[in-house]
Structure formats: structure tokens, C-alpha cells
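To keep things clear, I will list the structure first and then write my remarks on it.
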Amino acid sequence: MLYSEQTDGSDLSTWNLPKGATARLGNGWISGGMTFSPDGKSLVVASTIGCWWYDLNTMKLSKVWNTKQGILCDITFSQDGKWLATGSWNGTIKIWDTQNLECPVCIDLLKSTNAMSAHPRNLLFSQDGKYITCSNIISRDIGGGSHFTTYDWQTDIDTPIKSLSLQPERGKVHILPIALSPDRSLIAYTPEANITLVVHIETGELIAKLRDDYTDTSTIGCYQLDFSPCGKYLAATNRGNRILIWNVSNGNLEMTPTVHSDNRDLEISVPAYTTNGNLQVAGFSRREAVIWDANKQETVDTFESLRPLYGSFSPDGTQLAIRNKYGEQQVWTRGNPSTVSFLPTHISRGVVGLCFSKDSRTLLGCHDPAGYRLWDIEQRQVKQTFHFPRPNSLGIISTTRSRELLAAVEENKVIRVWNLVSDTQIAELTEKFKGVTQMTFSPCEEYLVTTNIRKIINIWHLESSKQIAELTQNPSRIIRMGFSPDGEHFVSFYGDRFTVWDAKQWEKLHHIQNPIVQRDMQIYKRWQLLLPSNKKQVIIVPRVGPILVWDLESGEQVGSLDISICSDTSLYKDAPQDIQRFLEQPNADTQRVWGNLRLSPCGTRIAGIIRRIGKNEIREIRMWDSTTLEICMVIIPPTESLKPQTSQFSPCGQYIAVGAQWQEGQELIPICLLNVNTGENIHSFCGHPTDVWSLAFSPDRNILASGSYDGTILLWDMKPFINS
């Protein structure tokens, strides 16, 4: 009998914290969907860190429990509401008693399928609650594919009573969409864009081969399927505003492709039969949701919904739960008038950047692909949310080096500048053209520089909110840009070349051809500009190849950072067995900087993670002297942290924190606190179930914030280690 902790949700920021952590910000992103209870009173959400049970009468969280099984990928109720099943990325299905949240059964799919990995999706109970079915199990050992499996979970749980292997169209791994008949005897899936197959699960017999015709959208084909309660009909929607219905018994179209909304901007449509046989469709565009009644052929409701991604109807069809791109949840309830309520927000996937304010009281988190959230550290609550599509790739938000100011683009044209400490707007700038792609502040916080898709650089004076200069005739769109720490030089990087400007007169000083040429412009977007504070230099960091150093005043190349395997073994710092393991690896075919290089606060050291790819992948943490550009230390990661991928210096410069990527078999991912002078691992913090993507120290050195792929931020107490 397995038991899972539960809480009343009164203080989720301190719930079930790992050792050494003081708070958790965020509930994780919704990785496993949402499901209504059969009575329609509750909605349960499966996230990357647990299950969240919401009371729909109060629209508040009533309980939350940690499955301790990794990221969830699906969730469903039994029809009587007594049981709840969750599927995890680690290949297990757990059955939970909804009364006490105990887990009497855990099914290991890897045992029954002999697969290297299994992602159980489309979980469904049989009508009597005795059987559990799942699909979409990815088997890497056979080159990709899916299986449909049924278990009698109350008896021999590791032996499936039915199993059907499904092969997708060549080159595809997932089989989507997929639907099950009410009696669980038939499975419908779409292996090709315009073909849907209905197969008898137990015998493997092909019952029907159904063809769709969405005319102008036929190349995209079917998006989602749903059987009628009687099992006679199968409804299908496309990625747009059309629906059709097949008669499964004869393969004919019961309803030809029908437009269910006048909104031609609908991106997805979700069909759902109610228990009494009525068919409803929810269509989602970037800014609204449309509910359509297929029986009456009329629109039931239209309401605002910002970038919805996923929708799930209640069994009786009177409610619809929506999750959007930003992790926010809405619940639509049918009525006269209908209502739309908001549930507590889950953070969207991946914390790719973190930044503290100067007073250490505010934390800015960048969540790819949903935007930015500003956290109050003391209250552990979101102060403000900035919605942007793909913030990590566009960079249309910026903070000053003192962490006092933040600039954000609204509607791609209006730029608002905020003081993070006073939480007030200090400037509003209006671009002439849409399409702002990059922004950066001057070191003295007097100016903001922006660039757009028209290849124009605009310089703004913040106090007056006026543009003081406009730099045109740039050769191509700017990939990266930045000021020298003294504010005297400005560098704009285009990929195949870069320009050095006089940041006082805004005159062009040097226009330099980049000797490292990449064919793909997308690769250039991953390059980095580094401007050390102790010299007038710019360091250009490519994704692959040498790291070159240029003098800003002369425009001449003055050196490079060596990323080849270090031959001086005296520079290696770590356990002897780890160093020996590293040196015995065969030569790598490719070597590259993994993540960003970091400058120490005093500017004397540069740290980076080097990844070498050959017969095996190996990584190291390397430090260079920023004055001599020579290697001063090579740290070999220990066995439990073989894949370091992000790093950050402490404010005092004596320590560096290194976060790791997930490894096979790991439950919690380590964050190592290393001594910069000796390479010693002072302490390891373990709390995230998957990749650590970002790190930030508070200026007062008391807190280390770590952001993860799971969508959460953990705050770690540094006082026992740094201030001591």
C-alpha cells in the first residue's frame, strides 16, 4: 500500500520542500491535462510536480498531493468517481483512491512492453471500473511506435489482458489523434493525414477505413476524434473550424465536413459527445473560444480566451476546462447567461531565465514560451505577468545590470519601462514600426536601445521618453547587441559580421567580418556576446567553433579562448577517479560551449560548460583568466552530475552554482555549489525532478534561485554556505 502526502493548499510555496529549500514558486506546468469528476463538482489537473484538485463551486484549490513519480502525462476518473488514474513519463500508471488519496496499485508498463521508455496517455477506465486502458507508448528499441494496452488492475497488474501494436506513418512516432469506443472494444486512430482506421482491440481486425475531406485543409487532416455513447458514430475535427461524423458500421459520412464557426482563425477544434448523445465542439483561436452545438447546428457561446491550447468537456457537456499557452486555466459553464471563471494559475513550461532586483525582494522569471512573471519573494506571489510569445528567442524584454529597471514590449510596438523596486512605470516609448526583436539598457540606465525587423537601431532617452538617435543601413537583422561596461562602446552582431559604435556620439567605429561562417541563421541566434568589465573587449561565443576576442578600440582580434581538451593535467580539479574517467574518453568529433559563458562579478574570470560529442558525450566546467585568456581550471563533474548545463557566479565571486540536465534513472537533479579557487563541491542541492535550466543568486547572497523545465522555481538557503 503506497501513500502520498496531501495538503489543504493553504501554503503551497512551502509544501513538500526538498532539504535546503525555503520556498517553491509555481505549481508546475500542466503536462498531463485536466479531467472533471463524474459529478462535475471538481477538476483535477496533472502537472509536472503533482496532482491539483480544484473545487468548482469555490474555484479554489481543495487538495494537492505529490505522486512522487516524475512528470505526469495523463489523468482520468473512473465513471463512478471512486478511482483516479495518473500516467507518468517514467512509464508507470498509478491508481488512486479518491477518498483518501492512497495508491493501492502501480502498473509498470516497461515490464509488459519490453520498451526502453513508455509514456502512458489516453487513460480510460472501463464502465465497471475493473479495467484500465492506455496508449501512445513510445518504444525506442524498435525505432518508434505506439501500443494500446488494457490491464485488469485489480488482479495481475503487470500482465496486460489485451495488447495491440500500432505503427504510425513512416517518420512519425506518436499516433494522434486516438479514440476508444464506450465499451473499449474499438480503437480509432489516424496514421495518415486523411485516413482514420477503426480496429477491434482484442482481435486486431480492421473494422473500418475512413477517409476525410476537409478540402482546403486536407493536407493537415484530422485533429481529434470522439465516439458517440452508442459507439455507432465517430466525430472528427480538423485544425480549423470544421467537423464531420462517420457511421462506423458502414464507413459512410453521417455529416459531411461542416463549418461550425464563422471564425476562420480557429486553430484547433475539440469534439465531445455528452452522456445523452449530444455532440458539442469547442473551437479555439488566438483570442477566443467558440462553443457549438452540432445537433442544433448553432453557436452556444463565444468568449475571450487568450491563446488556448487544450480543452476538456465535463461528462454532461455543461462545462469546459481550458488551458492556455501561459499556463492559465479557465472553466466555462453553460447557462443563461453562461459564465467563465479562472482557476489558480500554473506556470507554463520551462524557466529559462532568472533575475533578482537589487534589493533581493523581487525575482523575474522568464518562462519559455509564455512570457515573464515578477515574483514577490517575501509574499511568494506573482506581482505582475508579462505575456509574450517565445520570449527566449525574441528577447523583447530587458533588465538593467543593477536589476532596477525592466523594459517590456506590448503589442510589439509600445515599450513600457518599469522600476522593479517601486513597481512603477517610469517611461512609455512608441516605436515607429512593429516588430521589436531586441532591447538593452545602457550601464548608467540613462538609455534604452531597441532594434526591429526593419534592421533599425533606435536609442531612447528614458527620462524624457524621447528617441535621440536612429542607426540605419545595417546589413541584416541584428542577432545580439550590448554595451561595454563603461558605456563608451556599443556592439551590434548580425551573424556574419558585427559593428562597434561610439556610444557617446553614436558613430560607427568598426565594421568587422566574422571569420566563423554558419549557413543557418537560426544557429547565429544561439551565439553570445560577452563584454568583460576589466578590458575594452568583446568576446564572440559561437555555438560551435573557436571563441574569439576582439579589441573594441582598434577593431583587431586580440586572442581566443581555448576549448580543446586541456593537456595540462595539473589544472584538473575533482576526485581522481572522475578525472581518470574523463581522460580515458576517446577524442570528441565535435566540441561546443553548452549554455552561456559567465563573467565573475569582478570580471577576472570567465566560466563555461564545454560539451564534447564523440563515441560518448562528455562535459566539463572550464574557467579562463579574462586578462590573459588562459585556462586556469578544469572541473570534471561527478558521476551524479555528468551533464552540467547552466551556471552562475555568486555575488562575491568566490563560488559558482552549476545546474544539471536529467540523466536516465535520476529522481532529483543536483545543483552543485563549487569553490571557484579550489574547484571543491561545497554542497549539492537536489529538488527538481528534471532539467535545471536557470540559476540566479540574490544580491544579498542569502538565496539561490533555480528554474527548471518542470516550470517551478526553488529558493535555496545560502546562509550556511556562503555567508559563513
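Put a dot 7 Å past the Cα of Lys130, heading toward its Cβ, do the same for Lys232, and the two dots end up 2.7 nm apart. Simple spin-label estimate for Asp265 and Lys525 gives 2.3 nm between the two label positions (7 Å along the Cα-to-Cβ direction from each Cα). Fully extending the segment from Lys63 to Ser338, taken as 0.36 nm per residue of separation minus the present Cα-Cα distance, adds 96.3 nm. Length available on full extension from Asp700 to Asn278: 0.36 nm per residue minus the Cα-Cα distance, which gives 145.9 nm.
Taking only the Cα atoms of region 548-608, the radius of gyration and Dmax are 15.2, 46 Å. Solvent exposure of the chain amounts to 42 Å² per residue of accessible area, where only protein heavy atoms count and the probe is 1.4 Å. Surface composition of region 645-724: carbon plus sulfur atoms hold 46% of the accessible area, using a 1.4 angstrom probe and ignoring ligands, DNA and RNA. By accessible area, using a 1.4 Å probe on protein heavy atoms only, region 257-336 has 38% of its surface on carbon and sulfur. Can you grab the distance from the C-alpha centre of region 634-675 to the C-alpha centre of region 454-471, Å, no decimals? Taking the Cα centre of region 454-471 as reference, the centre of region 634-675 is 40 Å away.
If you count, for each residue, the other Cβ atoms within 10 Å and average over each peptide, how do 351-362, 708-719, 606-617 line up from highest to lowest?
Numbers: 351-362: 20.1, 708-719: 23.0, 606-617: 17.7.
Ranked from most to least packed, the peptides come out as 708-719, 351-362, 606-617.
Summing +1 for each Lys or Arg and -1 for each Asp or Glu among the other residues whose beta-carbon sits under 13 angstrom from that of Leu571 gives -4.
Between Asp55 and Thr627, the distance separating the two model label sites (each 7 Å from Cα on the Cα→Cβ line) works out to 6.5 nm.
Taking a Cβ cut-off of under 13 Å around Glu463, the surrounding Lys, Arg, Asp and Glu residues balance to a net charge of -2, with basic ones at +1 and acidic ones at -1.
Plainly put, region 230-380 has a radius of gyration that is 1.12 times its Kirkwood radius, both from alpha-carbon atoms, as the Rg/Rh ratio. The alpha carbon centroids of region 524-551 and region 678-721 are separated by 26 Å. By the rule of a C-alpha distance below 16 Å, with chain neighbours fewer than 8 residues away ignored, the aspartates and glutamates paired with Lys525 are Asp368, Asp496. For the chain, the 222 nm mean residue ellipticity estimated from helices alone, with every DSSP H stretch of n ≥ 4 adding -39500 (n - 2.57) and the total spread over all residues, rounds to -500 deg cm²/dmol. Extension gain for Lys432 to Phe303 (0.36 nm times residue separation, less C-alpha to C-alpha distance): 43.2 nm.
The values are calculated or read from the model by the stated rules, or taken from the named source; none is laboratory data. Keep in mind that what you see is a predicted model, and the values were worked out from it rather than measured. Note: ideal-geometry Cβ built from the backbone for every residue, glycine included; neighbour counts use all protein chains shown. Side chains are part of the model used for accessible areas, which takes the heavy atoms of the whole protein and leaves out ligands, DNA and RNA. Shrake-Rupley method; radii C 1.70, N 1.55, O 1.52, S 1.80 Å.
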